[in-house]
Structure formats: C-alpha cells, structure tokens
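Q: Can you keep this structure in mind? I'll have questions shortly.
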Amino acid sequence: MNPVNYLYLAALLFTIGAAGVLIRRNAIVIFMCVELMLNACNLAFVTFSRLHGNLDGQIIAFFTMVVAAAEVVIGLAIIVTIFRSRHSASVDDASLLKL
Amino acid sequence: MSFPLLTATAVVPAVGALATAAVPAARRTAAKWLALGFALATLVLSAAQLVRFDPDAAGPFQLTESHAWIKDFGVRYDLGVDGISVVLIALTALLIPFVVLAGWHDADPLEDASTRWRPTQGFFALILMVEAMVVIAFEATDVFLFYIFFEAMLIPMYFLIGGFGDRAGERGEAETAAQRSYAAVKFLLYNLVGGLIMLAAVIGLYAVTAHQLGTGTFSLTEIVQARANGSLEFATTTERALFLGFFFAFAVKAPLWPLHTWLPNAMGEATAPVAVLITAVVDKVGTFAMLRFCLQLFPEASKWATPVILVLSLISILYGALLAVGQRDIKRLIAYASISHFGFIVLGIFAMTTQGQGGATLYMVNHGISTAALMLVAGFLISRRGSRLIADYGGVQKVAPVLAGTFLVGGLATLSLPGLAPFVSEFLVLVGTFSRYPVIGVLATVGIVLAALYVLVLYQRTMTGPVAEPVRGMPDLRARELVVVAPLIVLLLVLGVYPKPVTRIVEPAVEHTMSQVHQSDPKPDVHVNDVEAAK
Amino acid sequence: MENLIGLLVLAPLLGAGVLLCGGRRLDRTGHWIGTLLAAASFVIGVVLFADLLGRPADDRELGATVFSWVPVGGFRADVGFQLDQLSMTFVLLITGVGSLIHLYSVGYMEHDERRRRFFGYLNLFLAAMLLLVLADNYLLLYVGWEGVGLASYLLIGFWQHKPSAATAAKKAFLVNRVGDVGLSIAVMLMFTTFGTFAFGPVLEHAEEAGEGKLTAIGLMLLLAACGKSAQVPLQSWLGDAMEGPTPVSALIHAATMVTAGVYLIVRSGAVFDGAPDAQTAVVTVGAVTLLFGAIVGCAKDDIKKALAGSTMSQIGYMILAAGLGPIGYVFAIMHLVTHGFFKAGLFLGAGSVMHGMNDEVDMRRYGGLRTYMPVTFVTFGLGYLAIIGFPGLSGFFSKDKIIEAAFAKGGTEGWILGGAALLGAAITAYYMTRVMLMTFFGEKRWQPDERGELPHPHESPRTMTIPMIVLAFGSVFAGGLFSINDAFLKWLEPVTGHAEGHSPVTATQVTAATMVVLVVGFALAWAQYGRRPVPVTAPPGGLLVRAARRDLLQDDFNHVVLVRGGEHLTRSLVYVDHTLVDGVVNGTAASVGGLSGRMRRLQNGFARSYAVSMFGGAAVLIAATLLMRAV
C-alpha cells in the first residue's frame, strides 16, 4: 500500500481532533481530541520513519506517548479538581484567569 | 595593601541599612539611633577622605582601589576620588545625619495603624541605602560600575517617595496616597527612561572601545588615556550619539528643562527629609556625572552641544524661578526654585571656564546645604499645621520667631544673599558664563531678581502679617529641630565668608577637567600687571 | 592703624550677632549694648580720622587685606579694606549719625517688646554700610551693598504684623535687587575687561578699556545707584519704606544707605570720566529725580512721605553733581554730608512729633505744635532752614555749589541742568515750608485716634531730644565749617580730583537767583497754608496734585505692567508646565496605557478562543513557509 495514504489518515484524524478542541465545551472531550491530535502526529511520524528508512520517527513517537501519558495524568487531575469545585466540566466556565 | 577607605565609606551605610532593617518592630527608637550612628560613622570616614586627600597631588584620581570584576566584559571595580567627588561625598555624608534627625518622627506608625510591617526601620534603612549608593556613584571611575549604582538608587528612592508622606491633612488619606504613588511612579519612569538610554550609550561605548582597542573597557582613566595618545578615536557622529545618551540620563536626574516635571511632584509628595535627599543628594549625582563623564569622555561632543545646553539651562533658571513664583504649595515652590538652581549649575559646567565649573561644583555643595536648611524648616512648619498650602499660614514669626528666623536665613541663602554661601558660587557661575557668553550671562543674572521675588513672597505670605487662626499657639522649634537647622545655618555663614577650603580642593580638579576639554579661560582685554591684580 | 579698620566693621557686626542670637536674656540691656558698640565704632572712626589728618595730604590712604575670599582661577576676590578721605568721610557720617540714632531709638522704641531685635538690625545695618564704604574691591562692596539692603528689608518690615509694612519691605528689596543686577553685571564686565575688580587697578587702567566698555560699566553702575538711591526709574520703593520705624527712615532712608549710589558713582569717577554718554545718563537721572521727588513731596500729607520725596529730590542733586564729573564730585559728597545732618534731624523731628501725637502721620491733623514741643520745633526749624538753603546754614553752601557746577557744565546742557536745579530749589522751599506750616503753625486740627483718644502732645524724652539737638548743630554749622578755606574740597581732592568749570554765570548771580526762587517758593506756600486755614481732609485737587499724591503714577504703571504682567506670565507658565510639558509626559503614559487596555481585551479567558488563535497562528506559519518554498 502506498504509505502516503497513512499520511492522509493522519491529517484526517488531526483535523477531527482540532475541530473537536475548537467546538466542544466539555473538558474531557477536548482532552480526548487533543489525544487524537497527538496520535495523528504519532502516525505521521511512524509513516515518515518508514518512508525515510530510519528510526528517528519511531523514537519521537515513543517520546510523544510518554509526554501524552504524563499530560493525561496532570490534565485529568486538573479536570477532576475543577469538576469538584464547580460541578461542571465546561471549559467556558473556567474563564477567570485573565487580566 | 592600604585600608580601602573608599569602599569602607560606601559599605558602612550599606551595613547600617541592613542592621537598621533587622531591628525588631518594637524597638523603633533603637533603630533610629542605630541609623544615626551609622550615618555619623560615614561622616567620620568621609572626613578621613578629606584629610587624606591631597589637592596638589599629580594624577586625576586619589585613594584609588582597583579590582577586576566581570572579566569577560572588561568591567572593573575601580574607585577613586578627585577634588570634585571628595567634596560631594563630604556633602552627602554631612547631610544624611541631618536628614535622619529631621525625619525622626516622619515614619512613626499612626496610632490606629497596625504594625505588622516595620515602616520606621524601613524608612531609615532606605535612607542609608541611598547614601551608600550615592557615595559609590561618586567614587566609581568605571562607567559600568557607576551606571549600576546610578540606576540602583532609584529603587530605595522609589519606596521612600511612594511609601512615606506627610500627614494626609484635609485632602484625605486616599487622595494623598494616590498622589504619592503617582509621584513615585513618575519619578521612577522618568529616571528609568533616562537610565535605559544611558545603558544603550554605555554598551555603545564598550563596543567602540572593544573594536578599536581590541579589549573593551569601561574604565574612565583608560579611555581618557587612550584618547590622549591617539589609540582611540571616536567618529564625530558616534561621539555625539554617545554623549547625548549619557547627557539625557543626567539631564533627567539633574533635572534640566524640559525634563523637570517629576521633581515638583516627587518633592511635593515626599516628606521634607526625603525631598532634601532627592534634591540635595541624589540629583547632585546627575550634575556631577556631567562634569566627570560627559566632559571627560566626550570633550568634542560636549563642545558641540554647549550652545543648546546653555540655552536649556538658561530656560531652566528663568522658567523654574517664574514657576516658583506661581506656586501655592510650599514644597513645590522650593522644588521649582531647585530647578532654577540646577539651571545655574549646568550653566556653570558648560560655560567651560574655571570660574564656571569651580562655581558649579561649589554651587552643588551650597545648594545642598541651603535647600536642606530651607526645606527642613519648611517641613517642620508643615508638620505643625498639616498643610502644604501657603495660604494656610500667616504671621508665624509672631508665634514662632526662631522658626521664622531660620526660615528667613534659609530663604536668603536661596536667593543668594552675599555673605551666605550660595552667593559665592552663583556669582562665580555668572562670571564664568559672562566671560564667554555675555548675553546668556546677563539674562541669567535676571534670575536673581526672580529668586528674590519667590523667596520674599513665600516669607511674606507665611511668616508676616496678622497671625492666622490655625497658626495660633504653634510651638517654636524644638531642641531636636534646632540641632538640625543651626549647624546648617552656621555652615552657610562660614562658607559664605570663607569658601577657600572648598575651592582649594575643587580647583585642581576643575583645571584638570578643563584641560581634558582643551579649554582655557578667556583673557581680559586690558592687561593689568600681576602684582596689582594679586593685590 | 590698619587693624583698626577691620574693628570698625567688626564692632557693630558683633553687636548684631549678640543681639540677634542672644535671646530674651538681653531684652533689658540689649539696646544699650547696641548703642555702645555703635559709639565704639564712631570712636574708632575718630581715632582713624585723627591719624589720617596727621599724614600729608597725598598719603592719606590706609589699606588692609584681611584674607583671600574667593580664589578660583584668575578670579581673585579679597576681603580687603581701603580707608581714604572719601571712605573716612562716610565712616564718620555713618557712625556719627548712626550712634545718635541708636541713642534716639532707645527712647523711641521704649514700648516695643522687640526692641532688642531692632537694635540688632540697626547694628547689622551699620556693619554692612561700613563694609560698603570700606571695601577695596567691587565684589566686597557688593556684599555691603546687599547687606544694607537686607538690613533695610528687615527694618522696613520691622512691624511685620502690619501687612503694609511687610509689603513695603518686600518691594524695597525687590526694587533694590533690580539695581543689584546692574552692579553684578558691572563687576562681571570689569572682570572680563580688566581681569580684576579691585578699585586700584580698575580705576587706574580705566581709560585703556575704551569708551564702549566704560559706557557699559558706567550705565550698569548707574542702574545699581538708581536702585539703592531711589532714583527714577527705580525710586518707587522709598515712599513705601516709610512704613518702617522713624529712626530707620532717618538713618537708612535719609542719611546713609540711600546715598550709597552717590558713593558708588563718585568712587568710580575714573570710569565715568572716560564715558561721557554714561555721564549724560547720570545727570539726566539726577535732574529728573530732583524734580520728581520735589513734586511728589509737595503733594503728600503724610509727613514722612513728604520728607521721603524730599530725600529723593536731594539725592537727585547729589547724583546730578556726581554726573558732572570732577567739577561736581566734591560737592556731591559735601551735600551728602550736610544732607545727612539736616535730613536725619528732620526725620527725628518728625518721629518726635509722631511720638507725641499717638503715631499720627497725617500733617492735616497736626497744627500749632510749636508751643507744645519747643525743642522739636526749634531743631526741626533749623533743619528746615538748612534744607531750603537759608544763607549761612549748611544747605546753602552745599546746594549752591551744585547749582553753580550744573551751570558750569556749559552749553545748552548746562543751562537745562542749572535751570532744573534752580527750579528744584524753589519747589524745595515750597514743600518744606508747607510741612513746617502744617505741623507747627496754624490751628490745632488734632483728631481722636482709633481708640477715640485725643492726642496729648508733649516733648519727647532726653534720649530723643539730645540727638536732635546735635544734628541741628550739624545742620547749622557743617556747611560753613566745610567751606572755610575750602577745607572739604582740599580734604577730598586727592581722591576724587577737582576741576573748576567755566560757568556762564558768576557765583554771585547763582546765589542771587537761588535767593529769589527761595523767596518765591516760600511765598507760595505761605499764601496757601499760612494765611488760610488748612482743611482736615485733603481737597480733591487738580490733575497734577492727584498724580503727585500717587507718586506721579509710577506705582500704577508698575502695577499694571510689572505686577499684572508678571502674574499673567507666571500663571500662564504654570498652566503651560502643567498641560504642555507635563502633558506630553502624561499623554505618552496615557497612550501606552490605552493601547495596553485594548490589547488586554484579547485575553478573554476562554480556552477555546486561545486555541483558535493558536491554530490560526500555526496555519499562518505553515502557509508562510509554503509560500516561501513556492517562491
């Protein structure tokens, strides 16, 4: 199969994720969309790795997974804390941090 | 290695500041005495400097100390004094004890205020901090070292202006606080802008020296030497740009018209001792730096800029005096009078004659003492009535004759009455200017009429006439206040009759500066033989 | 002997220091300390005078350099004294009249609780005035010059609780400061021209400087003299200065300080001799002022202000004489000395009258006082005869000489100046007769004071009458004594030089003319104030009278042009400073603030809008990168 198709898939997934981040209000959903974008990137990296015939892309994909895992831990913790204090997971409600 | 006297003179007040700040909140009085003690110790060290200073010694600087500091950028910890700086250090060291004494109760907490913070300790610590920084700025012969302390003294000054003020009186606490913080921010911003432009010029100076000498340097002596032996040559435009960068910062600090508007705000809102600190001590760094850095680093550009600067200082003299006449607030009046006096100082510096520059240096000293006397007495007056408005007073001399008398002497010194110190310096500046620029000299002389006008109007409205109702029962000067004012007045009289000790120290340094700028005094038209002239 | 000169200044200075810093302890003895030190100064003066007289005429000069005052570069000012015949004359006048007035003040100020301070100021004045006449260079003279100005300020405003006194004091100082600008510039000009401002070298080398420089110096010195000596156009302060206690008016504003301008011009004779234009200016000022003062003196009802107008006028005579050059210098000084006697005497007499009349100054409320105050009447009367130039009395000798010298100037100028001086003599006779008649003759027109009490005029105490008697002796005999063998002329000639002019009229003709105008002036006054009763309230009078009452509108002019103009100027400058200069700064601050306020709106706190800008930014970056590739 033409490896370029994987890139199309990655772009599609990224776009879906980006659209989700912009449109949805629920913090959990936004979070999942961010994950989707990260994984779209991972897919692209792996594809490039294959295309160029070296392992750089795959190594970066591992880094991304580690970062994503760490991010999930912190992000979910924040979301849960916000939900506990505000009884809502809407990102629009948490808009106090401004000048 | 000999005892590092110059470092010690700066370190003692700095240590004093830390020690004062560390005194526990409850021991307020102990903190005051501690601060006074350190201020007096600094005075002793400064006196030691004067004793060890030899006016006739060869070489530009004495008591020098030199250590490498930031090697990569050629920054050195170089200290040294010439006749001009040693006198100004003495002035600073002399005035600070009076400032501390005069401000004895200025930072006492109000009865109802909570005392979680330690404002009293802070007040005196900040004053000593300013002293330390000013002293080191006077001593530094490395441009970068000077720049650091030139800028750093803004920080304690900012807190002194913004944090402490007169009792609110009728204007109300909130209004007063707003005015005060406006004044403090204005002071800071003005001086920061000046300082930033100077920083660019400082870096530019480094770039030029690094390019031409191979290794960059900030050392005043090295640069002057390199220029003298031709290994360092500024392009005309570069020199002018660098000169303007330095001059701008000093003109803000001095302050010269039209960069003066921060001074009336700052002096008006600050307590009288802090106002003295601003005008008599901190501002002097600006005029001093013109003499030491502008003229010595950039002699050609200085000559190029002279006409404009002379006109600006002439405007300062007349404009400041006219505005002083129009003020309704005692402290702002004195501030505008100071602007007029700073005009005289800058005029003297850039007249490029021995009389002008010697007079300007003497003027810095005399203006420090006379403004301190006038401002501190005004402060005592204001603290009694709680108002800065001239209209709120009247007939004070009837109820408090000693206060009125000392106020009059301070005022007469401000209007340069012969017999008091400022006359000598003002006349020297005028003669020095006149012998090179007669028209400007004559116009500046008009300033003495305006000076008489604002001083006498102030005195008449506050001290004479029928006793105003709120003034009735006002106490005369207390012992502590008299201890502050009396020595200043004695000094004004002594230096007015016998200024020679100061001119003796200053003159060689001025002649050195003049030779740096390649200037000599104009010769008189008629040759009167020397025996007669000496008589 | 030289050391005594310093002591001459030091004695009253010490008195001033002790009295002003001594505190209330000295309240009971202070006035005697002050008087004693003034007298001590006089004694020293007499000792020095005797010493000078013992020397040959061309060697009567003592000098002493005390210490070097301001040495900076080529600028050398010393504190040094020079005592020659001219200074000596002044020293004796100042300390002599000064001591008498100290004595007088003991009585006059008896009921004033601040008497100690008054004597401190008087001593300060003596010290400054002595410094002025003894200095051996112009800068030190300047110190004395401003010192007397300060003393005058303090003494005019002595009763500071009266706003009018405080204002008058301020005005005197300010107008004098304008004159001081002249002196300052003159000293600077001397420094740039000669490299020094000591009398010796400057006056010796004066003619080498060229006429232009000398004219400039001369005009500046004239400006200074105008300020100090109350000459047109800087005369306006003298009338107001009468707010001060009367002994002050007698000592400072009649006998000594106001004559400092004459001293300055005579001392700088060499400068003026080389600058004919400056001399013309001097005589013009003198002639104008002698008429101006005389006219003002005619219209005033306040006895002190009438005398002040007279002082102005008499100093006008002196300035006129000084401007005539060597033919006039000696007579200027001679008139100065005789005027010192009779004008001080007149003022002390006026003070004595006020003392007896509950401090009333309006002559329209006097009348018939000669029987109540016989000593005052006689001494005042002798002073009166002296000032109008009654034959044989002091004024006759000195004033006639000036009128003669004015004619001797020659040409049209001589006729104009001589004519003015003669006219002045007539007016002098008129206004002095008027003062005399209104005060001591005629009906009693006494009015109750604010407390409703009618005055009970009485003769003043001994401390006041003795000085008046001594001064009356001076008024009568000084002129005659000076003229025996031309003693005064011979005494001063080595310093000032002297030249005989070629007068178109003879001395006898001048004397005759003076007598005629004297009689005319007297007759006019008699017709107006002697034969007819004097109304208690002043009649409205014609245009000239009303103008003269207001000092010939000088004050109105000053008020409109200088005060109003100045107020507008300062007010508009305050406005400019606040709105324009400060406005630029505050405007910059405000525009930065406004900009950041607008930028702040972008930070709305919504995470998703931040995300949009992030994606948008990324998209722009990518597009830009692609575009760059494509190009």
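The values are calculated or read from the model by the stated rules, or taken from the named source; none is laboratory data. Owing to the predicted nature of the structure, the values given are computational and were not obtained by experimental measurement. Every residue, glycine among them, receives a Cβ derived from its backbone with ideal geometry; neighbour counts consider all protein chains shown. Areas reflect the complete protein model, heavy atoms only, side chains present, ligands, DNA and RNA absent. Shrake-Rupley method; radii C 1.70, N 1.55, O 1.52, S 1.80 Å.
Q: Compute the distance in nm between two label points, each set 7 Å from the Cα along the Cα-to-Cβ direction, one at B:Ser515 and one at A:Leu96.
A: Distance between the two pseudo-spin positions: 7.2 nm.
Q: Counting only protein heavy atoms, what percent of the accessible surface of the stretch B:203-274 is carbon or sulfur at a 1.4 Å probe?
A: That share works out to 58 percent.
Q: Can you give the average number of partner chain beta-carbon atoms within 10 Å of each beta-carbon in peptide B:5-14, as a whole number? Before the final figure, lay out each step's value.
A: Details: counts 0, 0, 0, 0, 0, 0, 0, 0, 0, 0.
What the average comes to for B:5-14 is 0.
Q: Please find the FRET efficiency linking C:Phe615 to A:Arg50, where r is the Cβ-Cβ separation and R0 is fixed at 25 Å, and quote it to the nearest 0.05.
A: The formula returns an efficiency of 0.35 here.
Q: Using 1/(1 + (r/R0)^6) with R0 = 35 angstrom and r between the beta carbons of C:Arg629 and B:Thr236, what's the FRET efficiency to the nearest 0.05?
A: 0.15
Q: What does the buried accessible surface come to for B and C, summed over both chains, with the probe at 1.4 Å? Round to 100 Å².
A: 5400 Å²
Q: While we're here: Once you sort the root eigenvalues of the Cα gyration tensor of the stretch C:1-155 as a ≥ b ≥ c, which label holds: rounded (a/c under 1.5), prolate (a/b larger than b/c) or oblate (the other case)?
A: Oblate.
Q: Next up: FRET efficiency for C:His458 and C:Asp27, Cβ-Cβ distance as r, R0 = 30 Å, nearest 0.05?
A: Calculated value: 0.70.
Q: Principal axis lengths of the stretch C:319-364 from Cα atoms, whole Å, largest first?
A: 47, 18, 10
Q: If you don't mind, there's one more thing I want to ask. At 4 °C and 1.567 mPa s, what whole-number value in µm²/s does Stokes-Einstein give for the translational diffusion of the stretch B:167-306, with Rh from the Kirkwood sum over Cα pairs?
A: 78 µm²/s
Q: Please give the net charge around C:His161, taking every other residue with its beta carbon less than 11 angstrom from that of C:His161, where Lys and Arg add +1 and Asp and Glu add -1.
A: +3
Q: Carbon and sulfur together cover what percent of the accessible area of chain C at a 1.4 Å probe radius? Please report the intermediate quantities before stating the final value.
A: Details: 15700 of 23640 Å².
The nonpolar share, carbon plus sulfur, comes to 66 percent.
Q: On to the next question. Got a sec? Charge dipole of the stretch C:52-184, +1 on Cβ for Lys and Arg, -1 for Asp and Glu; which of C:Met88, C:Ala127, C:Phe75 is way out at the positive end?
A: C:Ala127
Q: Suppose a student asked you for the relative contact order of chain C, using Cα pairs under 8 Å spaced at least 6 residues apart; what percent would you report?
A: 12 percent
Q: If the cut-off is a Cα-Cα distance under 16 Å, which lysines reach C:Lys409, setting aside same-chain residues fewer than 8 apart in sequence?
A: Filter leaves C:Lys399, C:Lys401.
Q: Follow-up. Please list, in order, the residues from the stretch C:561-585 whose amide nitrogen is less than 19 Å from a point placed 7 Å along the Cα→Cβ vector of B:Leu189.
A: C:577-585
Q: Hey, could you pull the Cα Rg and Dmax for the protein assembly as shown, both in Å?
A: Computed over the Cα atoms of the protein assembly as shown, radius of gyration and Dmax are 38.5, 145 Å.
Q: Still on this structure, I have one more. By the scheme Lys and Arg +1, Asp and Glu -1, what is the net charge of all other residues having a beta-carbon under 15 Å from that of B:Thr64?
A: So the surrounding residues net to -4.
Q: Looking only at the stretch B:248-276, which residues have a backbone nitrogen under 12 Å from a spot 7 Å from the Cα of C:Leu569 in the C-beta direction?
A: Label zone hits: none.
Q: For the stretch C:388-475, just the Cα atoms, rotate onto the principal axes and tell me the three extents in Å, largest first.
A: 60, 27, 20
Q: May I pose another question? Leaving ligands, DNA and RNA out of it, work out the accessible area of B:Val446 with a 1.4 Å probe and give it in Å² to the nearest 10.
A: 60 Å²
Q: Return the average number of partner chain Cβ atoms within 10 angstrom of each residue Cβ along peptide C:186-199.
A: 6
Q: If you don't mind, there's one more thing I want to ask. Within 10 Å of each Cβ in peptide C:141-153, how many partner chain Cβ atoms are there on average? Round it to a whole number, please.
A: On the way: counts 1, 3, 7, 2, 1, 10, 3, 0, 3, 6, 0, 0, 6.
Mean shielding count: 3.
Q: Can you give the relative contact order of chain B as a percent, counting alpha carbon pairs under 8 Å and 6+ residues apart?
A: Contact order relative to length: 15 percent.
Q: Something else about it: Would you mind checking the radius of gyration and Dmax of chain A based on alpha-carbon positions, in Å?
A: Over chain A's Cα set, Rg and Dmax evaluate to 16.4, 53 Å.
Q: When the C-alpha atoms of chain C are aligned to their principal axes, what extent does each axis show, in angstrom, from largest down?
A: Here the spans come out as 119, 66, 59 Å, largest first.
Q: Normalised by the residues of the stretch B:341-405, what does the relative contact order come to in percent, with Cα pairs under 8 Å and at least six apart?
A: Reported as a whole number, the value is 18 percent.
Q: Right, next: Can you give the local net charge around C:Pro494? Use residues other than it whose beta-carbon is closer than 12 angstrom to its beta-carbon, Lys and Arg +1, Asp and Glu -1.
A: Residues close to C:Pro494 contribute a combined charge of -2.
Q: Apply the a/c threshold of 1.5 to the C-alpha gyration tensor of the stretch B:1-151 and tell me whether it is rounded, prolate or oblate.
A: prolate
Q: Which residue, chosen from C:Ala270, A:Leu7, C:Gly34, occupies the Cα position most advanced towards the positive end of the dipole of the protein assembly as shown, where the dipole is computed from +1 (Lys, Arg) and -1 (Asp, Glu) charges on Cβ about the Cα centre?
A: A:Leu7
Q: Shape of the stretch C:1-81 from its Cα gyration tensor (a ≥ b ≥ c, root eigenvalues): rounded if a/c is under 1.5, otherwise prolate when a/b > b/c, or oblate?
A: The shape class here is oblate.
Q: Starting from the Cα coordinates of chain B, work out the convex hull volume and express it per residue in Å³.
A: Spelled out: Cα convex hull of chain B, divided by residues, is 150 Å³.
Q: Run down the aspartates and glutamates and flag those whose C-alpha is under 12 Å from the C-alpha of C:Lys213, throwing out any fewer than 8 positions away in its chain.
A: B:Asp525, C:Asp277
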